[in-house]
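One structure is given here, and the rest of the page talks about it.
The values are calculated or read from the model by the stated rules, or taken from the named source; none is laboratory data. Worth saying up front: this structure is predicted, and the values here are computed from it rather than measured. Cβ atoms come from the backbone with ideal geometry, glycine included; neighbour counts cover every protein chain shown.
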Amino acid sequence: MFSFGTLLSGLSIGSILLLVALGLAIIYGTMGVINLAHGDFLMIGAYATWYLQKYWHMGLIATLPVVFIVGCIVGLVVEKTVVRYLYRRPLDTILATWGISILLEEAVNLGAGSNLKYVQLPGMLSGDWVLFGAHVGVYRILIIGIALALLIATSVLFFRTDFGLKVRAVVSNPETAEGHGVNSGLIYAATFAYGSGLAAFAGALVAPIKSVSPTMGIHYIVDAFLVVVVGGVGSLLGLFVSAGIIGEMESIIGFAIDDTTAKVIIFLAVIAIIRFRPQGLFVSKVRQPS
Amino acid sequence: MKRRTVLKGIAGGTVSLAAAPTLLASTYGTAYAAEDEIKVGVLFPLSGTIAVIGRSLHNATMLAIDEINANGGISGKKIKPIVRDSQSSPAVYADKIKELILQQKVLTTFGGYTSASRKAVLPVVEKYNSLYWYPTLYEGDECSKNIMYTGAVPNQQQEQFVPWLIKNFGKRFYLLGSNYIYPKDENRICKALLKKYGGEVVAEEYVPLGHSEFSSNINKMRSLRPDVIFCTVVGDSVIALHRQYKTAGLDPSKMPFASLTTSEEEVSAMGGEYAAGHFTSAPYFMSADTPTNHKFVAAYQKKYGADKVTNFVSSASYFQVFLFQKGVEKLLSQGHGVGDLTPINIRNACLGEQVHAPQGVVKLDPKNQHTYLWPKIGQWQKDGQAKVIHESKKWVEPKPYWMYPGNRVCTPSGVKTEKS
């Protein structure tokens with residue numbers, strides 16, 4: 001039951017969770033915006049990949065940076081037109097971003113059609129390797145690597161750069177930060193765009209091994225919120241640990257019993273965690289906007 | 001003066017109230033069809049979670065209506081489709097079917113995809129004695145006098161499939177389905193067949209609808225090494241399942257998916273190379289070599305795009321309109337007037353009728369309003385088409401209560417329990 005193969009699968013599931021949750025953690029975790037359109041930014045990323053492959057004949061890897069930029073632009077537009085008016089009204093952001101989610105979904109439905117789309121995986125990434133007697137897909141390993149790399153890059157961005165310092169300053173106290181010459185509007189917009197870009201990037205990466213449809217976002221957003229809530233709002237380390245725990249739980253329980261039971265147990269565990277540790281497993285060092 | 005006006009008003013009101021029922025009664029008979037047009041409802045999910053497949057059923061229905069109208073309509077009467085979007089929600093189905101029957105006064109309605117949607121429509125069409133055409137394969141266990149079922153029931157998909165799988169691949173089955181009623185009923189029947197033919201179930205498992213992470217199932221396939229993965233995973237999930245199966249390096253020639261639900265639609269979305277080598281049992285594949293199918297596929301792609309595919313549910317959505325046409329023509333040719341075109345007269349006229357469907361000649365069974373179909377086993381190829389490996393030598397009678405407890409059978413007067 002606890003074979004190396006099962007653990008490896010858990011790691012692989014966890015890496016996808018991490019990838020999907022990272023953008024949400026940035027937006028929800030650091031800005032306090034509950035972005036229900038996150039799953040749809042991911043969907044836009046998957047569709048952008050499909051479009052670039054089909055009409056521009058680009059390979060999967062080549063599409064990744066383009067898709068990231070597309071995600072940033074979509075996020076920026078959403079932030080500039082809607083979200084920036086709602087920073088002090090967190091409950092309203094739920095409704096507004098939910099509306100945006102429906103809008104994006106139906107726009108893609110009308111523009112690209114409702115049928116499922118096909119995103120190709122490069123031949124060299126579609127094989128599998130045997131590690132210590134356990135099989136694992138090459139592409140799965142690539143996703144694990146990219147997820148970790150993005151996590152590290154994001155940590156560096158937020159904790160080791162001037163931009164990150166400004167973000168944390170604005171989040172802690174926007175008035176004081178502005179008093180020191182930080183343009184809080186710009187910082188918010190850039191952070192939101194970055195989180196959206198990450199969502200789209202995740203969409204591009206999962207597209208070849210999952211399915212691409214206008215409604216795909218809903219399945220990811222639930223998972224992403226679970227990871228963020230368990231890990232602790234605003235904590236990137238917590239994000240990493242909670243994605244790992246949930247991934248391993250899904251793999252082990254799924255193997256021992258079945259996936260439906262695994263989902264039920266995970267939801268129960270998350271409810272218990274929220275009940276007894278509402279701040280999540282890891283407490284963030286960043287103060288939340290009140 | 002004032003009083004008189006009031007009295008007059010009341011009197012006038014009474015008159016018009018009294019006149020209302022007579023007016024209704026006199027128009028009742030002709031309400032369904034005019035001299036030059038026949039109104040039908042078209043009620044598929046065009047938005048929401050099932051819009052993906054719903055759109056293909058809608059398109060096939062509209063194509064059939066267009067073709068009939070382009071040929072002059074039914075005995076000179078054009079079909080006028082009243083399109084409604086069921087939004088993938090059973091509650092919306094119930095509302096819209098009511099509107100179609102009571103306000104639009106449609107003669108019949110084509111629609112539905114999931115069993116849940118059919119169960120929502122059923123009480124309404126029974127209450128108003130309307131007629132509903134349902135094109136999807138489903139689990140059986142139902143027999144309404146107001147529904148025409150043109151998709152396959154379990155005996156038409158499994159009776160030949162399961163023994164064929166045992167003979168060609170082996171007796172150890174892993175049953176994997178989405179977590180809802182259809183896979184559970186089909187698996188129950190599969191287990192009964194396995195028992196009968198000496199097969200065995202190594203695992204039975206259900207994943208949530210919309211599930212897209214199959215790592216643990218794939219680990220299980222590796223460790224249990226089943227001969228066949230009997231698959232009733234539906235929708236987006238099945239695409240993720242096939243992709244992850246292949247990227248995990250598993251081999252369809254040793255451990256194929258044997259599906260009741262995977263169609264050209266899903267295969268084109270996952271990519272032919274991911275489906276290649278796996279099997280589906282269905283009465284229709286896009287590759288079917290019949291004149292009607294060549295015509296259907298060509299017309300469908302001309303109207304909706306050369307990259308579009310047809311599937312076993314959209315082909316049923318298509319041919320059931322022609323069955324309806326037959327029924328109306330038969331009534332009119334027997335000397336009935338437009339006033340006799342009622343849902344129930346049409347139903348009675350359609351029963352026993354045959355039509356050249358894309359899969360071959362099909363017939364509506366007068367006993368149970370289901371359809372005689374041509375079961376086939378298709379093996380998916382890299383180009384996204386199925387190669388038919390096995391085909392039933394004759395059409396197969398629909399048995400909606402086959403393998404269900406209680407010895408029930410459909411009869412023209414309702415469901416009866418037979419003494420065993």
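Summary of computed values
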read-out	value
Strands (runs of 3 or more DSSP E) lying entirely in region B:340-416 (those with 1 or more residues that are closer than 27 Å to B:Lys295 by Cβ)	B:354-357, B:360-364, B:376-380, B:386-391
Residue check for A:Gly45: crowded, with 24+ Cβ neighbours inside 10 Å, under 11 Å from the mean Cα position of the chain (by Cα) and either under 15 Å from A:Gly231 (Cβ atoms) or in contact (Cβ under 8 Å) with a residue 24 or more places away in the chain (or both)	no
Hits in region B:292-303 (condition: without any contact (Cβ under 8 Å) to a residue 12 or more places away in the chain and not hydrophobic (A, V, I, L, M, F, W, C))	B:His294, B:Lys295, B:Gln301, B:Lys302
Meets criteria (among the β-branched types (Val, Ile, Thr) and either free of Cβ contacts under 8 Å to residues at least 60 places away in the same chain or out of contact with any helix residue (DSSP H, G or I) (no Cβ under 8 Å at 6 or more places or on another chain) (or both)) for B:Thr310	no
Selection from region B:254-282 of residues that are surrounded by 23 or more Cβ atoms within 10 Å (Cβ to Cβ), more than 13 Å from chain A (Cβ to nearest Cβ) and aliphatic (A, V, I, L, M)	B:Ala258, B:Leu260, B:Ala282
Number of the exception - B:Gly170 against (1) away from every other protein chain (no Cβ under 14 Å); (2) surrounded by 18 or more Cβ atoms within 10 Å (Cβ to Cβ); (3) on the phi > 0 side of the Ramachandran plot	(2)
Residue tally, condition within 7 Å of chain B (Cβ to nearest Cβ) and not aliphatic (A, V, I, L, M), over region A:115-139	10
Single residue of A:Leu36, A:Leu52, A:Leu18, A:Leu22 found to be hydrophobic (A, V, I, L, M, F, W, C) and either within 13 Å of another protein chain (Cβ to nearest Cβ) or within 30 Å of B:Arg222 (Cα to Cα) (or both)	A:Leu18
Filter result for B:Asn348 (crowded, with 21+ Cβ neighbours inside 10 Å and either out of contact with any His (no Cβ under 6 Å at 6 or more places or on another chain) or without any contact (Cβ under 8 Å) to a residue 12 or more places away in the chain (or both))	no
Cβ pairs under 9 Å, 6+ apart, first in region B:183-199 and closer than 15 Å to B:Ala152 by Cα, second of a type in the set (Lys, Arg)	none
Identity of the residue in region B:231-248, more than 7 Å from every other protein chain (Cβ to nearest Cβ) and of a type in the set (Val, Ile, Thr), that ends up nearest to A:Ile16 (Cα to Cα)	B:Val238
Leading residue by the ranking (farthest from B:Gln104 (Cα to Cα)) among those in region B:310-352 that are hydroxyl-bearing (Ser, Thr, Tyr) and more than 20 Å from the chain's Cα centre (by Cα)	B:Ser333
Some residue of region A:81-89 being without any contact (Cβ under 8 Å) to a residue 24 or more places away in the chain, assigned to a helix (DSSP H, G or I) and away from chain B (no Cβ under 14 Å)	yes
Residue in region A:265-277 that is closer than 15 Å to A:Ile13 by Cβ and within 14 Å of chain B (Cβ to nearest Cβ) present	yes
The listed residue being under 23 Å from A:Ser211 (Cβ atoms), more than 7 Å from every other protein chain (Cβ to nearest Cβ) and of a type in the set (D, E, K, R), out of B:Asp251, B:Asp185, B:Asp227	B:Asp251
Those residues of region B:172-215 which are out of contact with any Pro (no Cβ under 7 Å at 6 or more places or on another chain) and of a type in the set (A, V, I, L, M, F, W, C), in sequence order	B:Leu175, B:Leu176, B:Ile181, B:Cys190, B:Ala192, B:Leu193, B:Leu194, B:Val201, B:Ala203, B:Val207, B:Leu209, B:Phe214
Condition check for B:Leu331: touching an Asp or Glu at 6+ places or on another chain (Cβ under 8 Å), at pLDDT 95 or above and not hydroxyl-bearing (Ser, Thr, Tyr)	no
Subset tally (residues that are of a type in the set (Phe, Trp, Tyr) and free of Cβ contacts under 8 Å to residues at least 24 places away in the same chain) for region A:144-160	1
Test: A:Gly75 is in a helix (DSSP H, G or I), away from chain B (no Cβ under 14 Å) and not hydrophobic (A, V, I, L, M, F, W, C)	yes
Selected residue [among the small types (Gly, Ala, Ser) and assigned to a helix (DSSP H, G or I)] from B:Ala203, B:Ala192, B:Ala152	B:Ala192
Residue check for A:Ile94: touching a residue at least 60 places away in the same chain (Cβ under 8 Å), surrounded by fewer than 16 Cβ atoms within 10 Å (Cβ to Cβ), of a type outside the set (Lys, Arg) and more than 30 Å from B:Asn219 (Cβ to Cβ)	yes
Close pairs from region A:116-143: first farther than 30 Å from B:Thr310 by Cα, partner part of a loop (DSSP other than H, G, I, E, B) and at pLDDT below 80, Cβ under 8 Å, at least 6 apart	A:Ala134/A:Ser3; A:Gly137/A:Ser126; A:Gly137/A:Gly127; A:Val138/A:Ser126; A:Val138/A:Gly127; A:Tyr139/A:Ser126
Some residue of region B:368-379 being surrounded by fewer than 20 Cβ atoms within 10 Å (Cβ to Cβ), over 21 Å from the mean Cα position of the chain (by Cα) and touching a residue at least 12 places away in the same chain (Cβ under 8 Å)	yes
Whichever residue in region B:196-222 is more than 14 Å from chain A (Cβ to nearest Cβ) and in contact with a strand residue (DSSP E or B) (Cβ under 9 Å, 6 or more places away or on another chain) and, among such residues, is surrounded by the fewest Cβ atoms within 10 Å (Cβ to Cβ)	B:Glu200
Count - residues of region B:395-420 that are in contact with a Phe, Trp or Tyr (Cβ under 9 Å, 6 or more places away or on another chain) and either modelled with pLDDT of 95 or more or buried (at least 18 other Cβ atoms within 10 Å of the Cβ) (or both)	6
Residue in region A:138-149 that is closer than 30 Å to A:Ile16 by Cβ, exposed (fewer than 12 other Cβ atoms within 10 Å of the Cβ) and either in contact with a strand residue (DSSP E or B) (Cβ under 7 Å, 6 or more places away or on another chain) or among the hydrophobic types (A, V, I, L, M, F, W, C) (or both) present	yes
